[in-house]
1. Which residues, counting only those in segment 331-345, are aliphatic (A, V, I, L, M) and within 17 Å of ALA355 (Cα to Cα)?
2. How many residues are under 20 Å from PRO334 (Cβ atoms) and either part of a loop (DSSP other than H, G, I, E, B) or touching a Pro at 6+ places or on another chain (Cβ under 8 Å) (or both) when one looks only at segment 165-189?
3. Determine, yes or no, whether TYR19 is closer than 27 Å to ILE209 by Cα and within 15 Å of the ligand (Cβ to nearest atom).
4. Quick check: is even one residue across segment 131-144 crowded, with 16+ Cβ neighbours inside 10 Å, charged (D, E, K, R) and either touching a Ser or Thr at 6+ places or on another chain (Cβ under 6 Å) or under 30 Å from GLY249 (Cα atoms) (or both)?
5. I'm checking my understanding of the structure. Among residues of segment 75-92 that are in contact (Cβ under 8 Å) with a residue 40 or more places away in the chain and surrounded by fewer than 21 Cβ atoms within 10 Å (Cβ to Cβ), which one is farthest from PRO469 (Cα to Cα)?
6. Filter segment 346-384 down to the residues that are assigned to a helix (DSSP H, G or I) and of a type in the set (Gly, Ala, Ser) and list them by number.
7. Say we look at segment 31-64 and pick out the residues that are within 12 Å of the ligand (Cβ to nearest atom) and part of a helix (DSSP H, G or I); which of these is farthest from THR485 (Cα to Cα)?
Amino acid sequence: MAPGTPPRRVFYLTTPIYYVNATPHLGHAYSTIVADTMCRYRRLAGDEVFFLTGTDEHGDKIAQAAAKAGETPQGYTDRISATFRAQWGALGITYDDFIRTTEPRHAGVVQAVLKRLHDAGEIYFGEYGGPYCYGCERFYTEKELVDGRCPQHGTEPTFLKEPNYFFRMSRYQEWLVGHIEANPDFIRPERYRNEVLGMLRDPLQDLSISRPKTRLQWGIPLPFDQNFVTYVWFDALLNYVSALGWPDGPRFQTFWPYAQHLIAKDILKPHAIYWPTMLKAAGIPLYRHLNVHGYWTLAGGKISKSVGKVVEALKVTETYGRDAFRYFVLREMPFGLDASFSEEALVERLNADLANDLGNFVSRTVAMLTSFARGVVPEAGPLGPAETAIEDGLTRMLRTVHAAMEEFAFQRALVAVWEWIAALNRYVDAQAPWALAKDPAQAGRLATVLYTLAEALRVLGSLLDPFLPDSAAAIRRQLGLGGATRLPDLEPWGRVAAGTRVEKAAALFPRVEAPRAAAPAPRARSEAAPPWITIEEFRRLDLRVAEVLEAEPVPKSKKLLKLTVKLGDETRTLVAGIAEHYRPEALRGRKVVVVANLEPATLMGVESNGMVLAGSEGDTLALLTLDRDLPPGAKVR
Ligand code: MSP
């Protein structure tokens, strides 16, 4: 290792292994995309990464689904497992291994662990009766049921009583509470850690780990009693170590000490309680972190085949592209909380963040380099304060992104990147290279500005790679760059070589029209809506683009800001009730839309000559701004 090189970190991340009783849907895709983004990010950071996904193929549910499809369980699981693999291929998922619980390499490990636990007296034979949900493949306690129904599926559980083998899980209750308390980020975000500690306030039962063959054959036989097969959760959880070649495989040695799991809240209990106690009893070190995300809902309902909703949400990747889908799910869901999926919301983000902010920045930068520098990155002159601000902004942004990614906070990471992109767009507007290009005396300044933009493009082409892999590659191609630059090498500023040729390409994200469902209903107006107006009445409004030159609080007012705006050649003062939503410094330089012919009014002693337009819903207020640049005074119609 070269002196001063930080040690390479190791990172092992797993997704849940998905049941093959249904084909992949949005929920599965989300977990897998999250894991893929994380693994791409860690590879870009220089870590040694192992990314595992796969399918969970035993148990009642699968046997029933195969019977229903008129197929053998093996034929059925082969077919559905392949659809998961194909879907991940189509989404560009970069997993290192795909494990199936029907593979001999897995079954062998399950039997070896069972034998070890049985020999150690951790497993005993007994009888248990209780409410059982086939959808979840588990017994519930009466307390966990909601109105006597399964909290996940809303179905009535079946009362089952049968002899079975039990794992002495109850032994480990105190130890587990101690471990969770001593390692605050063992389960994260915190809400799920608290949920698990809550579960552990009640006495922990022993875990039934077998099913009699008289009832179910589709499972891994217990090594010590051929009349039973292994309970599907006991089987499935072990995939995380079987895929690495437990106990002696070199991958197990390298990666297991760094294991992190990713799941949604629906399978918190097996991962936070069964799995650590199983590991502890088997003498295998625990995983490091359990990262738990929330649930996607569709039109307010749960997305799951077993509750009867066929989900077509994944289809949108074909319509809008996989980067747009990926960006949307990462940006929209705060990690750990639930979020709602809609095509309209996706289109909105696509147009605003991708087509407008990112796409425009890339295309205008390449277009300006082409028009004003014959397609070649010029040599930068001395950097001015505007350039230093961009450079400092990058350092700050990278710090935020790194910290957010440590905690799977994708939304926070993306917000930080997009703030920097917004600053870049403002930099272009403020420096106005098109104006500099008209003045030969400004050639040096023009070169510095164009260089700065090319350098920003270089950074985005690598930094965006984990989040928008296709678009990042397209950005790099425009700069003639192949692979992404490692994160530690993104700085210092100034790495793009003067003389680099840029290549114009198609827009990264063409704007799309709102999906049909979002279009307003044609004629009928509800009674509560204001009456129709004619186009002539609308034309009486003089709506204009205005540039905010200055913004300041109105003394003694919490709500009002005094704005000085430029409207064509004229400068005006207006008062706007937006002080609780925008800081004055955030408004300077922005282009807004104003009603220019509203009769003047005096508010808190300040004369207002027009009105700024904004939309609001609840506590959120948003100013109407432009999605591409127009000069102040331009008419809005
Ligand atoms: N086979 C078990 C997991 C065994 S892991 C050792 C299983 N499979 S599943 O097919 O039901 O997948 C559940 C997982 O799929 C969730 O934990 C989550 O990762 C993902 N999702 C399924 N529906 C989801 C949503 N509606 N929203 C977000 N993710 C969801 O449980």
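1. ALA345
2. Residues flagged as under 20 Å from PRO334 (Cβ atoms) and either part of a loop (DSSP other than H, G, I, E, B) or touching a Pro at 6+ places or on another chain (Cβ under 8 Å) (or both) within segment 165-189 amount to 3.
3. On the way: closer than 27 Å to ILE209 by Cα: yes; within 15 Å of the ligand (Cβ to nearest atom): yes.
The answer is yes for TYR19.
4. First, the residues of segment 131-144 that are crowded, with 16+ Cβ neighbours inside 10 Å: 131-140, 144.
Retained after the next criterion (residues that are charged (D, E, K, R)): 137-138, 144.
Adding the requirement that they be either touching a Ser or Thr at 6+ places or on another chain (Cβ under 6 Å) or under 30 Å from GLY249 (Cα atoms) (or both) leaves none.
No, there is no match, as no residue in segment 131-144 is crowded, with 16+ Cβ neighbours inside 10 Å, charged (D, E, K, R) and either touching a Ser or Thr at 6+ places or on another chain (Cβ under 6 Å) or under 30 Å from GLY249 (Cα atoms) (or both).
5. Narrowing segment 75-92 to residues in contact (Cβ under 8 Å) with a residue 40 or more places away in the chain: 76-77, 80-81, 83-84, 87-88, 90-92.
Subset that is surrounded by fewer than 21 Cβ atoms within 10 Å (Cβ to Cβ): 83, 87, 90-92.
On the way: THR83: 22, GLN87: 16, ALA90: 13, LEU91: 10, GLY92: 8 Å.
Filtering first and then ranking leaves THR83.
6. Just the residues of segment 346-384 that are assigned to a helix (DSSP H, G or I), to begin with: 346-373.
The answer is ALA352, ALA355, GLY359, SER363, ALA367, SER371, ALA373.
7. First pass over segment 31-64, keeping only residues within 12 Å of the ligand (Cβ to nearest atom): 31-35, 52-59, 61-62.
Then keep just the ones that are part of a helix (DSSP H, G or I); that gives 31-35, 61-62.
On the way: SER31: 26, THR32: 24, ILE33: 21, VAL34: 21, ALA35: 21, LYS61: 46, ILE62: 44 Å.
The extreme case among them is LYS61.
For every residue, the table says whether it meets (1) of a type in the set (Val, Ile, Thr); (2) buried (at least 16 other Cβ atoms within 10 Å of the Cβ).
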| residue | (1), (2) |
| --- | --- |
| ASP185 | no, no |
| ARG188 | no, yes |
| VAL196 | yes, yes |
| ASP202 | no, no |
| LEU207 | no, yes |
| LEU238 | no, yes |
| LEU244 | no, yes |
| PRO247 | no, yes |
| PRO250 | no, no |
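The values are calculated or read from the model by the stated rules, or taken from the named source; none is laboratory data. Please read these numbers as outputs of a predicted model, since none were measured by experiment. Glycine also receives a Cβ, built like all others from the backbone with ideal geometry; neighbour counts cover every protein chain displayed.
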